[in-house]
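The values are calculated or read from the model by the stated rules, or taken from the named source; none is laboratory data. Here the structure is a predicted model, which means the values were calculated and not measured. FYI the Cβ positions are ideal-geometry reconstructions off the backbone, even for glycines, and counts take in every protein chain you see.
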Amino acid sequence: MDTLRRRPINKAAYEQLDRRWKKILKRGKRIESLDPRRLHKFRIAAKKLRYASEFFKDVFPGRGTARRRKQFVGCLKMLQDALGDLNDIRVNIGVTRDLVHRRSSKASGGSLAFTGGRVSGREEARRVRTMKAAQAAFARFRQTESFWG
């Protein structure tokens, strides 16, 4: 523990940011094949890198660095938002399915099932568009220059 306290902050920040960045680059290569749990973990990893980027912003001073950091965090935010939308869609479909299954024994089961099918269909179509947006956000993020290097 004493050794960690004596390390220069810029070295610790560099290692932390670089490690998190590489993790996102690795996971994002297969974004379309990630299951919902892994997509959620990917989103959390993006969030951690974004927070770390903002936390360590004063460690890497300069106008050029600030400009690169702003672009980096902006691309990361777009990725994080798309991944968050994918998670919301998954939850919406699951809640709708559960609601229809619980209520289908009642008299309104047919109309509820129909409505549930429409909602699920809409969310599935939105999922396809949102996955494309997430892939595009990742491609843009991948091309963005790190601000700490």
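Computed values, structure above
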| read-out | value |
| --- | --- |
| Residue that is modelled with the lowest pLDDT, among those in the range 90-124 that are β-branched (Val, Ile, Thr) and either within 27 Å of the chain's Cα centre (by Cα) or closer than 26 Å to residue 39 by Cβ (or both) | 100 |
| Answer from 79, 25, 39, 83 - the residue that is of a type in the set (A, V, I, L, M, F, W, C), surrounded by fewer than 14 Cβ atoms within 10 Å (Cβ to Cβ) and touching a residue at least 12 places away in the same chain (Cβ under 8 Å) | 25 |
| Residues that are touching a helix residue (DSSP H, G or I) at 6+ places or on another chain (Cβ under 8 Å) and outside any helix (DSSP H, G or I), drawn from the range 56-75 | 56, 60 |
| Lone qualifier among 52, 66 - being among the small types (Gly, Ala, Ser), surrounded by 12 or more Cβ atoms within 10 Å (Cβ to Cβ) and within 29 Å of residue 30 (Cα to Cα) | 52 |
| Boolean, residue 17 is surrounded by fewer than 16 Cβ atoms within 10 Å (Cβ to Cβ), touching a helix residue (DSSP H, G or I) at 6+ places or on another chain (Cβ under 8 Å) and over 27 Å from residue 123 (Cβ atoms) | no |
| Failed criterion for residue 59 (all others in (1) touching a residue at least 12 places away in the same chain (Cβ under 8 Å); (2) under 22 Å from the mean Cα position of the chain (by Cα) hold) | (2) |
| Qualifying positions in the range 120-131 - hydrophobic (A, V, I, L, M, F, W, C) and buried (at least 17 other Cβ atoms within 10 Å of the Cβ) | 131 |
| Test: residue in the range 31-40 that is among the acidic types (Asp, Glu), outside any helix (DSSP H, G or I) and at negative phi | yes |
| Yes/no for residue 60 being crowded, with 19+ Cβ neighbours inside 10 Å, closer than 18 Å to residue 149 by Cβ and not small (Gly, Ala, Ser) | yes |
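This table checks each residue for (1) of a type in the set (Val, Ile, Thr); (2) out of contact with any helix residue (DSSP H, G or I) (no Cβ under 7 Å at 6 or more places or on another chain).
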| site | (1), (2) |
| --- | --- |
| 9 | yes, no |
| 21 | no, no |
| 54 | no, no |
| 77 | no, no |
| 95 | yes, yes |
